[in-house]
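The values are calculated or read from the model by the stated rules, or taken from the named source; none is laboratory data. A quick note: this is a predicted structure, and the numbers were derived from the prediction, not measured. Using ideal geometry, Cβ is built from the backbone for each residue, glycine included, and neighbour counts are taken over all protein chains shown.
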Amino acid sequence: MSERCKPGDIVEIHQIILAAGERAAGVPEDTSKVPLEAWIKGKALTEASVGEEVTIETFSGRLTRGVLTTVSPGYSHTFGPAVPELAPIAQELRAMLKGGRSHG
């Protein structure tokens, strides 16, 4: 059973903006060999299953159409792993702001 959206659901769609070979002449060769793609979030205006085309209204009010990739998309970005060298900085700054140890 495929995941479906209904009108009003928050979804993500995928679009090919420019196919490989349609890219600007000045882009690097390896870039020109792949399409320019976009993943756009918004509200579905109709029902659709993942993999089908659907029209959405973006959060800025723009209507656009693409292939449904995700219903109720989340966020997958990260700031990466902790950097051990930065861990003591918060304590040092608090001490400096309280008038404790001076930094020199």
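Summary of computed values
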item: Of all residues making up segment 57-66, the number that are under 16 Å from the mean Cα position of the chain (by Cα) and touching a residue at least 24 places away in the same chain (Cβ under 8 Å); result: 1
item: Segment 55-101 - residue that is more than 29 Å from Arg4 (Cβ to Cβ) and among the acidic types (Asp, Glu) and, of those, surrounded by the most Cβ atoms within 10 Å (Cβ to Cβ); result: Glu92
item: Some residue of segment 33-55 being modelled with pLDDT under 95 and charged (D, E, K, R); result: yes
item: Residue within segment 26-38 that is of a type in the set (D, E, K, R), surrounded by 10 or more Cβ atoms within 10 Å (Cβ to Cβ) and on the phi < 0 side of the Ramachandran plot present; result: yes
